[in-house]
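As structure tokens, the structure follows; a few thoughts come after it.
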Amino acid sequence: MKLLCLGDSNTYGYDPRSYFGSRYPEKSCWTGLLDGWEVINCGMNGLVVPTDSKVWKNLIESRKPDPVTVMLGSNDLKDTFHASPQEISNGAGTLIEVIQTFTKEKQGFVDRKSVV
């Protein structure tokens, strides 16, 4: 089964001791400890809750995962991103809707033609 992991530096496996954003060894990261899964690690340093659902929809549909995990929100708490709690909540809700729609389509519960 293919597991898509969306997240920030914690998912990416960022090693803070590195200067250029290197990763910890695969088996030292939580995504590398998921034995029995084909892990698609889409973690990225500094990632915040998305506001553009098209990017996430394309990413999910192109990878065709079975389940999807999301670990986002830590970076959104920093003042440097200037997102309001409402914007963060709306972005998270949109991402969840994208994942739910993809899952329903993949399982045959939704006719793609009826999805706008």
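The values are calculated or read from the model by the stated rules, or taken from the named source; none is laboratory data. Since the model is a prediction, treat every value here as computed from it, not as a measurement. Cβ coordinates were reconstructed from backbone atoms using ideal geometry, including for glycine residues, and neighbour counts include every protein chain displayed. For the accessible areas, the whole protein counts, side chains as well, though only heavy atoms, and no ligand, DNA or RNA atoms are used. Shrake-Rupley method; radii C 1.70, N 1.55, O 1.52, S 1.80 Å.
Some points to look at:
- If the segment from residue 106 to residue 37 were pulled out straight at 0.36 nm per residue, it would be longer than the present Cα-Cα gap by 23.0 nm.
- Taking the C-alpha atoms only, the angle from helix 85-106 to the longest principal axis of the chain is near 60 degrees.
- Lysine pair number, Cα distance threshold 19 Å (strictly under), the chain, separation 8 or more or different chains: 16
- Cβ-derived FRET efficiency at R0 25 Å, residue 51 paired with residue 1, nearest 0.05: 0.25
- Each stretch of four or more DSSP H residues adds -39500 (n - 2.57); spread over every residue of the chain, this sum gives -10000 deg cm²/dmol at 222 nm.
- Per residue value of the accessible surface for the stretch 1-68 (all protein chains in place, 1.4 Å probe), Å²: 61 Å²
- Cβ-based net charge around residue 1, under 9 Å, with every Lys or Arg adding one and every Asp or Glu removing one: -1
- Projected label distance in nm at residue 78 and residue 63, using a 7 Å step from Cα toward the beta-carbon: 2.1 nm
- Fraction of accessible area attributable to carbon and sulfur, the stretch 10-70 (%, probe 1.4 Å): 54 percent
- The chain shape via C-alpha gyration tensor axes, a/c threshold 1.5: oblate
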